[in-house]
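The values are calculated or read from the model by the stated rules, or taken from the named source; none is laboratory data. Everything numeric here is computed off the predicted structure, so don't read it as measured data. Because the Cβ atoms are built from the backbone with ideal geometry, glycine has one as well, and the counts that use them run over all protein chains shown.
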Amino acid sequence: MLYRKFLVRLLIAIAVAAQALAQSRPDSKISEVHCKGLKRFTESQVLPLLNLPPGSPFDPALLQSATQTLAATGAFDEVRYSYRSVSAGIAVEFQIKESVRFRRCTFDNFPFASDKEIRTFIAGKVPLYDGFAPDSGNMLDAISTSLEALANSKGISATVTHLPYTKLGTGDFEYLFKLSGPSIKIANVRFTGAQSVPESELLREAQPLLGRDYSDVICREFSLNSFVPYYRERGFLKVKLADPSAKLLPQTVSDTYNVQIDFPVIEGLAYLWEAPQWQGNKFLADDRLTSLVALKSGEAANSKKIESSWESISAEYGKHGYVQADLRPRPLYDDANRKVRFQVQIAEGQQFHMGAFSTEGFSSALAERLQSRWKLKTGEVFDASYLSDFLKKELSSALANSKGRRAKISSTLVPNPSQSTVDVVLLSE
């Protein structure tokens with residue numbers, strides 16, 4: 001590990017000098033200890049870990065042990081120390097370089113304590129804990145141990161594990177702590193703040209949660225994937241659901257717990273649709289673009305239909321060779337009238353024509369069969385919908401008559417802007 005490397009270099013450099021000082025002053029005492037280089041942590045957090053209070057005997061072995069203790073946490077990339085003789089004894093200074101690799105800690109199924117209570121309890125057991133933990137060292141295990149102690153203090157016998165977890169909608173991971181042992185089931189669901197949408201409808205959407213093992217992660221993801229789309233499809237485009245909270249229900253069976261989950265809702269306004277404003281389009285006229293929209297003015301601004309409208313427009317451009325057309329819709333909200341109109345900036349790009357059709361990874365017989373079935377000729381305006389139809393019909397038919405293992409088939413478009421052509425490549429893996 002990293003701390004061992006710098007520890008070895010440190011011990012070699014200081015061992016002789018430390019022994020000489022100790023031998024010359026066998027009764028030397030440590031008069032003061034300081035830490036330099038700290039940014040994330042404070043000296044008051046680090047000093048207790050060193051266990052070198054003023055008045056302690058000066059002993060190189062104790063300094064080395066303190067260095068090992070800091071390095072083992074994983075919170076520091078480098079620890080060095082120096083010392084000097086002062087009138088009151090020996091002054092020790094630790095030069096510290098903190099780690100930059102810290103991850104947020106999340107607690108998945110601990111309904112017996114609030115998030116604040118959990119974090120406060122851990123901080124009392126793990127001196128350097130501040131809501132985050134380093135990728136290496138023993139801090140993650142120390143947090144798990146403290147969570148087991150917290151569960152035991154609540155009369156719950158359990159073990160706690162941790163694992164990397166990528167939070168939905170983010171590109172980074174955090175550490176997820178999970179409790180195992182007792183059975184913790186979701187028995188009830190409630191919605192705080194639901195007004196325009198009847199709670200009975202939301203409870204119907206929540207049925208898949210009931211009876212499942214309680215997991216804060218699952219509840220949060222269920223909220224984003226089910227409750228938020230349910231609202232948005234009814235025009236509540238700005239709806240927000242805060243992180244759910246869990247409450248233990250009265251226990252009836254030993255080691256079996258039921259919880260009630262509360263989802264706080266901020267509904268916002270239910271918007272009505274207004275025809276979009278089109279900008280930058282030349283090949284497709286405004287009225288043609290509007291005809292491809294799945295909503296009419298005055299209807300509820302259904303987010304699902306809104307997204308399908310942009311997809312339909314992109315597909316229409318693709319039929320005419322504009323395979324790089326880019327749509328950038330921006331909502332313009334009129335809260336006073338509860339209406340929304342999208343301003344859609346379109347960069348159509350250039351029109352592409354059919355280039356070459358080729359296959360890779362197919363048998364020679366099947367490749368020849370596919371080549372003969374491809375009817376979009378070189379030089380014709382490229383039609384992306386033809387490729388979709390070819391994959392669904394002609395490719396399926398050709399594969400049905402072939403023998404051997406069914407391979408994974410994919411397609412790739414290779415635009416050649418300088419020639420205004422696009423090549424099509426079918427790949428078999």
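Of note:
- Count of residues meeting criterion [over 45 Å from the mean Cα position of the chain (by Cα) and surrounded by 14 or more Cβ atoms within 10 Å (Cβ to Cβ)] in segment 25-56: 4
- For segment 288-341, a residue qualifies if it is part of a loop (DSSP other than H, G, I, E, B) and of a type in the set (A, V, I, L, M), and the qualifying residues are L292, V293, A294, L295, A301, V323, A325, A336.
- K167 being modelled with pLDDT under 90 and not assigned by TED's automatic domain parsing to the domain that holds E221: yes
- Test: residue in segment 323-341 that is in contact with a Ser or Thr (Cβ under 8 Å, 6 or more places away or on another chain), surrounded by 14 or more Cβ atoms within 10 Å (Cβ to Cβ) and either more than 25 Å from N281 (Cα to Cα) or not acidic (D, E) (or both): yes
- Residue check for V228: in the same structural domain as A194 (by TED's automatic domain parsing), touching a Pro at 6+ places or on another chain (Cβ under 9 Å) and modelled with pLDDT of 95 or more: no
- Applying the condition of being at pLDDT 95 or above and among the acidic types (D, E) to segment 131-155 and asking which residue is nearest to L248 (Cα to Cα) yields E148.
- Remark: pairs (first residue in segment 374-386, farther than 20 Å from Y317 by Cβ; second residue outside any loop (DSSP other than H, G, I, E, B) and of a type in the set (D, E); Cβ separation under 9 Å; 6+ apart in sequence or on different chains) = W374/E394; K375/E394.
- Tally, over segment 247-272, of residues that are farther than 22 Å from L176 by Cβ, out of contact with any Phe, Trp or Tyr (no Cβ under 6 Å at 6 or more places or on another chain) and buried (at least 21 other Cβ atoms within 10 Å of the Cβ): 1
- Search result, residues across segment 229-246 that are surrounded by 14 or more Cβ atoms within 10 Å (Cβ to Cβ) and over 18 Å from P331 (Cα atoms): Y230, L241, A242, P244, S245, A246
- V340 being among the aliphatic types (A, V, I, L, M), touching a residue at least 60 places away in the same chain (Cβ under 8 Å) and more than 30 Å from E233 (Cβ to Cβ): no
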